[in-house]
Amino acid sequence: MKQVLFFLFIFSLNTFSQSIEIKNFESLNQIHFMEDELYVFYKDSLSIIDLNKFKIKSTSKVNYPPENFTYLYNKVDYNSQLYFIQMEGGMVYKFKINEFTRIDKSFNHKMQNGSTIFAQNDTIFKYGGYGFWSMRNFFTYFNSQTSEWDIVSPSGSKYLPKGSSSSIVNLNENNFYVYGGSTLNPFEPKEYILNDEVWKFNIKNKSWNFLGKTDMDFSKFEFNFPFKDKQVFYTRDDIIYVVDVVNNRLKAYKKKTFQYGLMTSFYNKGIFYSILISYSTGTQTLTKRYEDDFFGELIDEEPLYYNNEKIYYSIGIIILLLFSIYLYFQVKKSNFKRNRIISENNHFVFKRKILPFDDKCIEIIKLLLQSTSEVTLNEIMEVYENKKRNYGHNTRVINGLIEEVNYKLKSTLGIERDLITSHKSSSDKRIKVYSIDKTYFFIK
């Protein structure tokens, strides 16, 4: 049995210790995955990495058309051919054998800033984008016969979405799912607001279908990447999210240790490839992990979006059954809890998400919430004290822990002031006491 475990341990080390150094990686626009190869575009060169052999296949000089080309153009591929698409305008370049050939008859009209660019079958599409104080709410496609862009008319639709930019588009057969990004305040066109709507467009029927609204703020994520017909979202906190818009699911996974240095990732044939940075050395490396070893513990799962029609129907039924008084108190109670952190089942929950506190942090917060007066440092020490450390060391650890708790609480609530504060006791100036603002909490 010990020999088997030792073999598995060595095998895992060999499997995941492989890495390739990626020098001067600064932007997600530098890389593109195509047909088991990773293209890494540098300032004046291109490296191609063979993902099957997991080694650099070639490095060659590249002459880009304009300055900052890789930052101004997005890349898509189809039929084993790589194309560079202008983000804000209509220019299209074909890339082959380290040469760029412009193939469009368009120009830089600057009417699709932040458009989402993707390829489906043998067609390049754009969705949305900003220009001249308005957002686009339609798809355009590059017509290879005319070398110009054309519009996909939503002729089979009864309703249309609001225009948006920087949206996510997930593909599933003939359906394009659109969500996230920004839209504009219709009464103040210079004001960007979050796009909270989820829509589905059937490219065959040319029809839009409104699916519902989401509470997820997609603007907080550092980057995202496709995973099968899902989308993975990365933040600097302790959680990685997976959106399954087709099945209306949102899953939250606890980060694994290696994911704290993640710069970007992509998925291919059961393997996640990641560019990681070592904060101690600054080294950037490409690594790989199998699908079943990429995600940490599943800590939450809920619907991505909610259909307002069903909600309104349910409320109407409640009004008919309970009439007025009962509904009034239920709504009042719901509004009271909505913007508060709920303490239940030894967890703290905010907007249906479990906050990432360890057991010691939870005990300290509960101690402060349950106390009818201020809490002394010694009382907190009873919860967290490590007998192997001296008093001064324990004090520094607790102060650091309280700073961490305050940071997470402020980030969750979107406020600037600390909820946990300390000062000298009024009865004895030598004693430090702590208190917490209980108005932000709801205890079941």
In segment 297-310, the residues that are surrounded by fewer than 16 Cβ atoms within 10 Å (Cβ to Cβ) and part of a loop (DSSP other than H, G, I, E, B):
GLU297, PRO303, ASN307
Return the total of residues in segment 344-391 being under 19 Å from LEU419 (Cα atoms), under 26 Å from the mean Cα position of the chain (by Cα) and assigned to a strand (DSSP E or B).
5
Any chance you could count how many residues in segment 398-439 are surrounded by fewer than 16 Cβ atoms within 10 Å (Cβ to Cβ) and part of a helix (DSSP H, G or I)?
10
Here are some conditions: (1) within 15 Å of TYR305 (Cβ to Cβ); (2) among the aliphatic types (A, V, I, L, M); (3) out of contact with any helix residue (DSSP H, G or I) (no Cβ under 8 Å at 6 or more places or on another chain). LEU160 meets all but one. Which one does it not meet?
(1)
Of the residues in segment 142-156, those that are surrounded by fewer than 16 Cβ atoms within 10 Å (Cβ to Cβ) and either over 17 Å from TRP199 (Cα atoms) or touching a strand residue (DSSP E or B) at 6+ places or on another chain (Cβ under 7 Å) (or both) come to ASN143, SER144, GLN145, THR146, SER147, GLU148, ASP150, ILE151, GLY156
Of everything in segment 242-283 that's among the small types (Gly, Ala, Ser), in a loop (DSSP other than H, G, I, E, B) and in contact with a strand residue (DSSP E or B) (Cβ under 8 Å, 6 or more places away or on another chain), which residue is farthest from GLY296 (Cα to Cα)?
SER278
Scan segment 280-306 and report the pairs whose first residue is of a type in the set (D, E, K, R) and whose second residue is assigned to a loop (DSSP other than H, G, I, E, B) and surrounded by fewer than 18 Cβ atoms within 10 Å (Cβ to Cβ), with Cβ atoms within less than 6 Å and a gap of 6+ or a chain change.
GLU291/GLY270; GLU302/ARG352
Do we find that LYS256 is closer than 21 Å to ILE354 by Cα and either at pLDDT below 95 or not assigned by TED's automatic domain parsing to the domain that holds THR412 (or both) in this structure?
yes
Given the condition within 23 Å of GLY163 (Cβ to Cβ), charged (D, E, K, R) and either surrounded by fewer than 16 Cβ atoms within 10 Å (Cβ to Cβ) or outside the structural domain of GLU173 (by TED's automatic domain parsing) (or both), answer yes or no: does some residue in segment 89-107 qualify?
no
Taking segment 392-404 only, how many residues are closer than 18 Å to LYS432 by Cα and under 26 Å from the mean Cα position of the chain (by Cα)?
1
Got a sec? Which of PHE139, PHE132 is touching a residue at least 60 places away in the same chain (Cβ under 8 Å) and either within 18 Å of GLY89 (Cβ to Cβ) or among the aromatic types (Phe, Trp, Tyr) (or both)?
PHE139
Could you tell me how many of the residues in segment 260-303 are more than 16 Å from the chain's Cα centre (by Cα) and of a type in the set (Gly, Ala, Ser)?
4
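The values are calculated or read from the model by the stated rules, or taken from the named source; none is laboratory data. Everything numeric in this text was worked out from a predicted model, so none of it was measured. Cβ sites come from the backbone with ideal geometry, for glycine too, and all protein chains shown count toward neighbours.
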